[in-house]
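Engineer: First the structure, then my questions, so here it is.
The values are calculated or read from the model by the stated rules, or taken from the named source; none is laboratory data. All of these numbers come straight from a predicted model, not from anything done at the bench. Please note that ligands, DNA and RNA were not included when accessible areas were found on the heavy atoms of the full protein model with its side chains. Shrake-Rupley method; radii C 1.70, N 1.55, O 1.52, S 1.80 Å.
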Amino acid sequence: IVRFGRGFGQAEFLVVLALAFGIPLALFATHAAGAFVLLPLFTIPLAIPLVRSLFRDEGAVLNATLVGTARLLVLHGLFFALGLALDG
(Lines give C-alpha, C1' and ligand atoms only; values in the text may rest on other atoms or scores of the structure.)
Protein backbone atom coordinates (compact mmCIF):
# COMPACT_ATOMS: atom_id res chain seq x y z
CA ILE A 1 0.00 0.00 0.00
CA VAL A 2 2.88 2.33 0.76
CA ARG A 3 4.36 1.91 -2.70
CA PHE A 4 1.31 1.33 -4.93
CA GLY A 5 -1.50 3.07 -3.07
CA ARG A 6 -4.59 2.22 -1.08
CA GLY A 7 -6.64 1.11 -4.08
CA PHE A 8 -4.00 -1.42 -5.06
CA GLY A 9 -3.86 -2.77 -1.51
CA GLN A 10 -7.63 -3.14 -1.39
CA ALA A 11 -7.69 -4.91 -4.75
CA GLU A 12 -4.84 -7.20 -3.71
CA PHE A 13 -6.66 -8.12 -0.49
CA LEU A 14 -9.81 -9.01 -2.46
CA VAL A 15 -7.88 -11.06 -5.03
CA VAL A 16 -6.05 -13.01 -2.34
CA LEU A 17 -9.32 -13.70 -0.50
CA ALA A 18 -10.96 -14.81 -3.74
CA LEU A 19 -8.09 -17.21 -4.38
CA ALA A 20 -8.10 -18.50 -0.80
CA PHE A 21 -11.80 -19.33 -0.98
CA GLY A 22 -11.83 -20.24 -4.66
CA ILE A 23 -9.13 -22.91 -4.53
CA PRO A 24 -11.07 -25.25 -2.22
CA LEU A 25 -14.13 -24.77 -4.43
CA ALA A 26 -12.09 -25.55 -7.54
CA LEU A 27 -10.60 -28.66 -5.95
CA PHE A 28 -14.06 -29.90 -5.04
CA ALA A 29 -15.62 -28.96 -8.39
CA THR A 30 -12.91 -30.79 -10.34
CA HIS A 31 -13.18 -33.85 -8.07
CA ALA A 32 -9.54 -33.40 -7.03
CA ALA A 33 -10.72 -33.52 -3.41
CA GLY A 34 -13.83 -34.47 -1.49
CA ALA A 35 -16.28 -32.36 0.46
CA PHE A 36 -13.99 -31.93 3.48
CA VAL A 37 -11.82 -29.59 1.41
CA LEU A 38 -14.68 -27.08 1.70
CA LEU A 39 -14.08 -26.64 5.45
CA PRO A 40 -12.23 -23.31 4.92
CA LEU A 41 -15.47 -21.80 3.62
CA PHE A 42 -16.67 -21.69 7.23
CA THR A 43 -14.23 -18.80 7.72
CA ILE A 44 -16.03 -16.54 5.21
CA PRO A 45 -18.02 -14.81 8.01
CA LEU A 46 -14.68 -13.75 9.50
CA ALA A 47 -13.56 -12.23 6.18
CA ILE A 48 -16.59 -10.01 5.61
CA PRO A 49 -15.95 -7.52 8.45
CA LEU A 50 -12.28 -7.37 7.45
CA VAL A 51 -13.18 -6.33 3.91
CA ARG A 52 -15.63 -3.75 5.24
CA SER A 53 -12.98 -2.35 7.57
CA LEU A 54 -10.38 -2.21 4.83
CA PHE A 55 -12.65 -0.10 2.64
CA ARG A 56 -14.14 2.04 5.42
CA ASP A 57 -11.45 2.66 8.01
CA GLU A 58 -8.17 4.54 7.99
CA GLY A 59 -5.17 4.89 10.24
CA ALA A 60 -4.54 3.00 13.47
CA VAL A 61 -7.98 1.32 13.32
CA LEU A 62 -6.58 -0.86 10.54
CA ASN A 63 -4.24 -2.50 13.07
CA ALA A 64 -7.27 -4.44 14.32
CA THR A 65 -7.99 -5.43 10.71
CA LEU A 66 -4.45 -6.73 10.44
CA VAL A 67 -4.93 -8.83 13.59
CA GLY A 68 -8.23 -10.14 12.20
CA THR A 69 -6.54 -11.02 8.94
CA ALA A 70 -3.91 -13.01 10.82
CA ARG A 71 -6.66 -14.91 12.67
CA LEU A 72 -8.44 -15.57 9.39
CA LEU A 73 -5.21 -16.85 7.83
CA VAL A 74 -4.57 -19.26 10.70
CA LEU A 75 -8.12 -20.63 10.80
CA HIS A 76 -8.39 -20.91 7.03
CA GLY A 77 -5.05 -22.72 6.88
CA LEU A 78 -5.98 -25.12 9.67
CA PHE A 79 -9.37 -25.89 8.12
CA PHE A 80 -7.81 -26.36 4.69
CA ALA A 81 -5.13 -28.70 6.05
CA LEU A 82 -7.72 -30.62 8.06
CA GLY A 83 -9.98 -30.90 5.02
CA LEU A 84 -7.17 -32.20 2.85
CA ALA A 85 -6.11 -34.69 5.55
CA LEU A 86 -9.65 -35.98 5.98
CA ASP A 87 -10.11 -36.32 2.22
CA GLY A 88 -6.76 -37.97 1.69
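Engineer: What percentage of the solvent-accessible surface of the chain, computed with a 1.4 Å probe over protein heavy atoms, is contributed by carbon and sulfur atoms?
Structural biologist: Answer for the chain is 75 percent, counting heavy atoms of protein chains only.
Engineer: Could you work out, for the stretch 1-48, what percent of all Cα-Cα pairs fall into each 5 Å distance bin, beginning at 0 Å and stopping at the bin that holds the largest distance?
Structural biologist: Final binned percentages: 5, 20, 22, 18, 14, 10, 7, 4, 0.
Engineer: Over the chain, give the accessible area per residue in Å² for a 1.4 Å probe, as an integer.
Structural biologist: 67 Å²
Engineer: Once the piece of chain linking Thr30 and Phe4 is laid out straight, how much longer is it, given 0.36 nm per residue of separation minus the C-alpha distance between them?
Structural biologist: Contour length minus the Cα-Cα distance gives 5.8 nm.
Engineer: Same structure, new question: Taking the 0 to 90 degree range and rounding to the nearest ten, how far is the long axis of helix 6-29 tilted relative to the main principal axis of the chain, both from C-alpha atoms?
Structural biologist: It is inclined by approximately 10 degrees.
Engineer: Please determine, in degrees from 0 to 90 and to the nearest 10, the orientation of helix 62-87 with respect to the longest principal axis defined by the Cα atoms of the chain, where the helix direction is its Cα long axis.
Structural biologist: Computed tilt is about 10 degrees.
Engineer: Using the Kirkwood radius over Cα pairs, work out the Stokes-Einstein diffusion coefficient for the stretch 8-78 at 37 °C and 0.692 mPa s, in µm²/s as a whole number. Provide the component values of the computation, followed by the final result.
Structural biologist: Working: Rh = 13.0 Å.
The estimated diffusion coefficient comes to 253 µm²/s.
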